[in-house]
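The values are calculated or read from the model by the stated rules, or taken from the named source; none is laboratory data. What you see is a predicted model, and the numbers here were worked out from it, not measured in a lab. Don't worry about glycine lacking a Cβ; one is built from the backbone with ideal geometry, like all the others, and counts go over all protein chains shown.
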Amino acid sequence: MSQQVFADRLGKSKSWVDKVERGARSLDKVSTIAEIAAVLRIDPAILLERDVPPADPVERADGVQRIRAALSTYEVALRQWGTGRDVLPAAQVAAGVEHAWTTYQHARYPQLIKGLPELVIAAQHAYVRDPVAGRVSLVEAYRVTASLLVKLGETELAWLATDRAMTIATGDRVLVAAAAVQLGQVLRDDRARSAMSTMRAVAYRIAPPDLDRGPAAHLSLCGTLLLQGALAAARHGDAQAAAGLIDEATDLAARVGDGHDHHRTGFGPTATAAARTLAAVELGDASEALAWHEKTVGSDGWRWLPPEHRAAHLVDAARAHLEADDPAAAGRLLLEAERGAPAEVRHRPAARELLAQLVCKPDAPSAVIPLAAALRVSAR
């Protein structure tokens, strides 16, 4: 059809159509894309050039099943390992666990899904052979497994990994506190009240008697556990308890500072500000959440947070924008998160749910359409 006919059917001027065709004007709204696609009788995604690799839910499901199988063995309890298996040296297992944590913090979840089953089994065998040398690695292997499973929305399986970590850590208050971080993540989903009390108890147990002279690693664990308790309180709707716990964590964060990652917590003033954002989102206070979001991304410590942490925060802030009836800003933040850590959006249920809501918002950025199509996310 001619430009004039097309413009008439679209309700635009011929000049507007000409500018779009020449690339002088961009199509940056879902509503405009939808209108043009309707006139042309084509799929909206055809109008967008963004190349997003398709999702592979089958591969992910298979990986989760392999992780489940690794967690379902009882070789540690029976103090034995399968015949014909080579037991890796403790140092090699520890290096593998270190690599797994780095992979997680860079949000490379597909790679981690593939490698975790063998790592968990290797850590179990190393622990059976030498419980002293292999203890920390096994706890850390279970911790990173639980963190990944929480991201994937596999809460019950994450609880199993956390329970295994807590069991192996028993007797060592530092290891218990480290494993309890993942316990807080699991419990706050649907056991918020229990999470509040448990996190507070473990936090106070690891807290140094003298905060000014206490080890930064212990302060980080204590502060992170308090934040987990605060987020559980927010999920439970207890704004006062959430604020009190975050205030305590803020005091500890000032002593630790930004740029550290003791026990894989990333704890510091910026992480605490990010937690305030999420707490406000959970409590339904979008304006408060967005105020804290601006403080978080504007701080010097923002760049020190791992890519996974930054992307997760952007998804939380995008949720706040959507609650504030600003789908354009919500979409921009979600797309920014996807650029920085694609798997955080592709695999995290909260991000996919947000994407499903944005697809049907006329003012959302048009780039959410091909992303939703690639991830097989339907509008809601």
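Residue-by-condition table, conditions (1) in contact with a Pro (Cβ under 6 Å, 6 or more places away or on another chain); (2) touching a residue at least 60 places away in the same chain (Cβ under 8 Å); (3) charged (D, E, K, R):
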position	(1), (2), (3)
ARG339	no, no, yes
ARG346	no, yes, yes
ARG352	no, no, yes
ALA356	no, no, no
ALA367	no, yes, no
ALA374	yes, yes, no
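With the structure loaded, tell me whether ALA123 is surrounded by 20 or more Cβ atoms within 10 Å (Cβ to Cβ), touching a helix residue (DSSP H, G or I) at 6+ places or on another chain (Cβ under 9 Å), closer than 20 Å to PRO349 by Cβ and hydrophobic (A, V, I, L, M, F, W, C) or whether it fails that test. The answer is no for ALA123. Looking at ALA169, ALA178, ALA203, ALA133, just one residue is within 30 Å of VAL345 (Cα to Cα) and either touching a residue at least 12 places away in the same chain (Cβ under 8 Å) or within 18 Å of the chain's Cα centre (by Cα) (or both), and that residue is ALA178. Answer yes or no as to whether LEU305 is closer than 19 Å to GLU282 by Cβ and either in contact with a His (Cβ under 6 Å, 6 or more places away or on another chain) or without any contact (Cβ under 8 Å) to a residue 40 or more places away in the chain (or both). No, not satisfied. Scanning region 215-229 for residues that are of a type outside the set (S, T, N, Q) and within 16 Å of THR250 (Cβ to Cβ) turns up ALA216, LEU219, LEU221, CYS222, GLY223, LEU225, LEU226, LEU227, GLY229. Here the helices (runs of 4 or more DSSP H) wholly within region 287-380 that include at least 3 residues being more than 14 Å from the chain's Cα centre (by Cα) and at pLDDT 95 or above are 307-323, 327-340.
Per this entry, HIS260 is counted among residues that are modelled with pLDDT under 95 and closer than 26 Å to TRP101 by Cβ. The one condition from (1) in contact with a Ser or Thr (Cβ under 8 Å, 6 or more places away or on another chain); (2) surrounded by fewer than 21 Cβ atoms within 10 Å (Cβ to Cβ); (3) among the hydroxyl-bearing types (Ser, Thr, Tyr) that THR170 does not meet is (1).
In summary, no helices (runs of 4 or more DSSP H) completely within region 137-242 bear 3 or more residues that are within 25 Å of GLN105 (Cα to Cα), in contact with a Leu (Cβ under 7 Å, 6 or more places away or on another chain) and of a type in the set (Ser, Thr, Tyr). Quick check on ALA311: is it buried (at least 24 other Cβ atoms within 10 Å of the Cβ) and under 19 Å from LEU152 (Cα atoms)? Yes.
Each residue in region 257-297 was checked for being in contact with a Gly (Cβ under 8 Å, 6 or more places away or on another chain), over 21 Å from HIS106 (Cβ atoms) and surrounded by fewer than 24 Cβ atoms within 10 Å (Cβ to Cβ), and 3 pass. Applying the criterion of at least 1 residues that are at pLDDT 70 or above and over 20 Å from SER366 (Cα atoms) to the helices (runs of 4 or more DSSP H) found wholly in region 1-80 leaves 3-10, 14-22, 57-71, 75-78.
The residues of region 214-234 that are over 18 Å from SER147 (Cβ atoms), buried (at least 17 other Cβ atoms within 10 Å of the Cβ) and either in contact with a Pro (Cβ under 9 Å, 6 or more places away or on another chain) or of a type outside the set (A, V, I, L, M) (or both), listed by number, are GLY214, HIS218, LEU219, CYS222. Within the option set LEU149, LEU187, LEU160, LEU211, being among the hydrophobic types (A, V, I, L, M, F, W, C), more than 17 Å from HIS263 (Cβ to Cβ) and surrounded by fewer than 19 Cβ atoms within 10 Å (Cβ to Cβ) holds for one residue only, LEU211.
If I ask for residues that are closer than 22 Å to THR167 by Cα and not in a helix (DSSP H, G or I), which ones from region 88-132 would you list? Selection gives ASP130 alone.
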